[in-house]
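Worksheet for the structure shown next.
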Amino acid sequence: MARHSHEESPPNNSQHHTISRRRMLQAMMLFLSGCAVPQTQLAATPPTATPDATVQSPHFDGAIALQHAIAQMQWVPRHPGTEGWRACGDYILSQLATLGWEAVEQPFEYQGITCRNLIGKRGNGPLLIIGAHYDSRRRADQDPDPAKRSEPVPAANDGASGIAVLLELARVLKPEELNRTIWLTSFDAEDNGGLDGWDWIQGSTYMAANLTQIPQGMLLVDMIGDADQQLYYEGNSHHRMREGVWKVAAELGYSSFVPEQRYTMLDDHVPFVQRGIPAIDIIDFDYPYWHTTADTVDKISAASLEAVGRTVEEWLLRGAPGMPAPQTGDIKQYLPLIAHHCGCHRRALVAQAQLEHSQ
Ligand SMILES: [Zn+2]
């Protein structure tokens, strides 16, 4: 995930886990052995690409989502340009295709690298974009141990968890029965802002700048796997839409959704907000391992993934309460993107978002 605009960074926890280095070595061994198909040594069973409908729930299953997170964790690091990033992207595309979605790559150039957003498209009718980022942060610059700040972030929560929810949603969502088009979008180049001249949220910025139709809405999931889950309203999010989602969560009994605002984030929903598209960010920024080497798979849980995935699924089944009716007109008439996220633009944007969504 990107950065927040106010309040303190999450507290760094002194607890360290040396397991990440071992996992990195395991991942390297997998590459050295030349295997082209994703494998995992971290799970007893590999992710299920073709679930057996007779034994699996028709609803979002956190255990399956967790397998998708574990699968991604075999590749560390996964920042743009690395072998792991490429392999992880291929894994996402193959899972989407296997689960019955049209798997589309949206390439774009950034910092001399051909990055790619990965989109699973399906259905007809008004477009809803459901997104998460799949790239990881190349350096754990928030690690409490200075010696580890040059190591990559394993990114179990800040990366793999959101994609895990997307891929399990790909199994359970039936856009054709919902009478809508859904794009399950894995954003690239989100999470290396402030490092080596990189900015944040490049994939979502590119997509929002190159839309050919007006989405009805956009829903982002980021850092939602923490076993100690706390999901507060995010400040740049569309107010009625976030209320609608949080209300469904409450009715499902998920007390980790707290209908109070805590953080305001620069995240992949912001480029869509800037174009006037109703967008929300479901994010848990109270995560002590944010941008540290301890962001490992033992910190996330199937129950937390399920709380978010099941809520999004149920929100859609109920007709997406709180999301405004589809907008009509020419996409070109919508707000132009702000090219650079300097502080002044940032403050203006927040003020604008609050104004627009306060009715
Ligand atoms: Zn991050």
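Read the figures in this text as sums done on the coordinates, not as results from a lab. Note that the structure is predicted; figures quoted are calculated from it, not measured. Ideal geometry is used to build each Cβ from the backbone, glycine not excepted, and the neighbour counts take in all protein chains shown.
Using θ = phi - 60° and the Karplus curve 6.51 cos²θ - 1.76 cosθ + 1.60, what whole-Hz ³J(HN,Hα) does each residue of region 164-179 get, with Gly and Pro shown as x?
So the Karplus estimates, Gly and Pro as x, are 4, 5, 4, 6, 6, 4, 4, 6, 9, 7, 10, x, 5, 7, 8, 6 Hz.
Which residues' amide hydrogens lie under 5 Å from the amide hydrogen of Q261, considering only partners 5 or more residues apart or on another chain, with H built in the peptide plane?
So Q261 has HN proximity to Y233.
So if each residue of separation counts as 0.36 nm, and I subtract the Cα-Cα distance between N179 and Q213, what length gain in nm does that give?
Residue separation times 0.36 nm, minus the Cα-Cα distance, leaves 10.6 nm.
For R116, list long-range residues whose amide hydrogen, built 1.01 Å from N in the peptide plane, is under 5 Å from its own amide hydrogen.
Distant-sequence amide H within range of R116: F108.
Using DSSP to call loops (not H, G, I, E or B), can you name the trypsin sites (Lys or Arg not before Pro) in region 94-197 whose Cβ has at most 16 other Cβ atoms within 10 angstrom?
Hits after loop and neighbour filter: R149.
What does the charge count near G217 come to, summing +1 for each Lys or Arg and -1 for each Asp or Glu among other residues with Cβ under 13 Å from its Cβ?
+3
Summing Lys, Arg as +1 and Asp, Glu as -1, what charge do residues with Cβ under 15 Å from the Cβ of A325 carry, A325 excluded?
Values: positive: R180, R240; negative: none.
Taking every other residue near A325 into account, the sum is +2.
Tell me the label-point distance for the pair H59, R318, using the 7 Å Cα-to-Cβ offset, in nm and rounded to one decimal.
Once both label points are built, they end up 1.2 nm from each other.
Find out how many positive minus negative residues lie around G100, taking Lys and Arg as positive, Asp and Glu as negative, among other residues whose Cβ is under 13 Å from that of G100.
Result for the local shell: +1.
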